[in-house]
Amino acid sequence: MSVTHKSCRLIATILNKNCRSVNKSVFNRNRHVDISKEIYLQSRSIYTSTLLFKNISFKLSDIGEGIREVAVKEWFVKVGDKVSQFDNICEVQSDKASVTITSRYDGVITKLHYAIDETALVGKPLVDIETDSGDDTESSSDDEKVEKKTEEKIVKSVQQTSPSSYKKDICIPSVRRLAKEHSVDLSLINGSGKDGRILKEDVLNFLKSPELKADAAPSVPVHTPKTVQADRTVPVKGFQKAMVKTMTESLKIPDFVYSDEVAVTKLAQLRQAVKEECLKSGVKISYMPFFIKAASNGLLKYPVLNASVDSNCENITYKSSHNIGIAMDTKVGLAVPVIKNVQDLSVIEIAKELNRLMISGKEGTFSASDLTGGTFAISNIGVIGGTYTKPVILPPQVAIIALGTSRVLPRFDADMKVIPEEIICVSGAADHRVVDGVSMASFINLLKKQIENPYLLFLNL
């Protein structure tokens, strides 16, 4: 693409004409923005006349697992940012997991269709990206120099006529929240991040600055009347929304509960004996891996508990894999991450996977795979408290067990002498349409036998 002498004269005429208009409306913010944009677009149209730009609506693709909507948790880009393929666009939260969305195009962001915490629909536009679809990939160095020089003049003209108060402070929501908590005006802070983005460190350094301390007025005790907190309404979303759906379906199941005491005194001794060796391997071992393995051994003998039924309860599917979900309280609410193929894992391997899922729960970083595919579930409500409980079945599964808190209680031994025993109460619930009471009671008895005699765990009895 070449620039002729006539084109240069045309550029100069446009710039002079519009600069006069800018000077006349320097104190009119809205008019100023319109004129500045007009200058830029007019000059751009002259130098890109041989290129074709296409505005593409980047749609939210199918995340899987039947997810139709997600909540936008954070934007990594803003309007005007240049992006390349595989650059992070935003982070979204479904009712199962957090997912980072990446760009499939090279171009410039022209529109964000959703604000933070708004619900985005699968298949609908997420952002608009202006992509360069021209065939010409090369241009002369003279053309680039002329275009760059003209754009620099335009930017300089806009900066000279733009009041500093028109600057839009760029930062993520957590930084804005930090600034709000300390009553800091973000327009007073120079961002050190990309494109002037204000970082958390910038706000903290500003709070430590001597100028801020000097300007701060001496604190005077002020009596402020107590205000009554107003009611607030928040939408049900994320893991809580998934729980609403699951629990509503669970109410349709005619279940029953069977409970019993399990002595874990010998298991406590075994755990104490292997605890140090496990820590050397970076594994923190609790009672739960032993209960998970005992449950898997029990499912081998009573496979009806490791099954699922269809919505009309006309077909039972017996699952070959023991994918055991562990209900836990996480950063994002109640979740049931799944340990896959427990029947093929040792107690130590189960402990390693459990440790990984617990860390993900604290950080709120479960993957979609971590939260799907469960065939049986265990609730460890005992870490909070309580003895016996009535666990709720997670459809389409047909059974679940819950462990109560550990207590040392007096019990009789074989010689009828009173001895201290460490006791955990186990409660099992099952779908009575497909599981009878004998099956659940026999399963609990087998689990109890293994826990009270831990060496049996390794014999798959």
Flagged pairs (Cβ under 7 angstrom, 6 or more apart or on separate chains; first in region 273-299, touching a residue at least 60 places away in the same chain (Cβ under 8 Å); second aromatic (Phe, Trp, Tyr)) are 295/376; 298/443; 299/376
Do we have any residue at all in region 373-392 that's free of Cβ contacts under 8 Å to residues at least 40 places away in the same chain and within 15 Å of the chain's Cα centre (by Cα)?
no
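Which residues, counting only those in region 276-296, are assigned to a loop (DSSP other than H, G, I, E, B) and farther than 28 Å from residue 428 by Cα? It would help to see each step written out before you state the result.
Step one: list which residues in region 276-296 are assigned to a loop (DSSP other than H, G, I, E, B), which gives 281-287.
Across region 276-296, the qualifying residues are 281, 282, 283.
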State the number of residues belonging to region 311-331 that are in a loop (DSSP other than H, G, I, E, B) and either in contact with a strand residue (DSSP E or B) (Cβ under 8 Å, 6 or more places away or on another chain) or open to solvent by less than 50 Å² (accessible area, probe 1.4 Å) (or both).
6
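Examine region 349-356 for a residue that is among the acidic types (Asp, Glu) and touching a residue at least 24 places away in the same chain (Cβ under 8 Å), and state whether such a residue exists. Step through it out loud before you land on a result.
Going through region 349-356, the residues among the acidic types (Asp, Glu) turn out to be 349, 353.
Remaining after also requiring touching a residue at least 24 places away in the same chain (Cβ under 8 Å): none.
Within region 349-356, not a single residue is among the acidic types (Asp, Glu) and touching a residue at least 24 places away in the same chain (Cβ under 8 Å).
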Is it the case, given these coordinates, that residue 219 is at pLDDT below 80, open to solvent by 100 Å² or more (accessible area, probe 1.4 Å), among the small types (Gly, Ala, Ser) and out of contact with any Gly (no Cβ under 6 Å at 6 or more places or on another chain)?
yes
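Test of understanding: among 450, 397, which residue is within 36 Å of the chain's Cα centre (by Cα) and in contact (Cβ under 8 Å) with a residue 24 or more places away in the chain?
397
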Does region 108-129 include one or more residues that are more than 18 Å from residue 85 (Cβ to Cβ), open to solvent by 70 Å² or more (accessible area, probe 1.4 Å) and either at pLDDT below 80 or among the hydrophobic types (A, V, I, L, M, F, W, C) (or both)?
yes
In region 365-439, which strands (runs of 3 or more DSSP E) lie fully inside it and hold 3 or more residues that are in contact with a helix residue (DSSP H, G or I) (Cβ under 8 Å, 6 or more places away or on another chain)?
399-412, 418-431
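The values are calculated or read from the model by the stated rules, or taken from the named source; none is laboratory data. Computed from a predicted structure; not experimentally measured. Cβ atoms come from the backbone with ideal geometry, glycine included; neighbour counts cover every protein chain shown. Heavy atoms of the whole protein, side chains included, go into the accessibility calculation; ligands, DNA and RNA do not. Shrake-Rupley method; radii C 1.70, N 1.55, O 1.52, S 1.80 Å.
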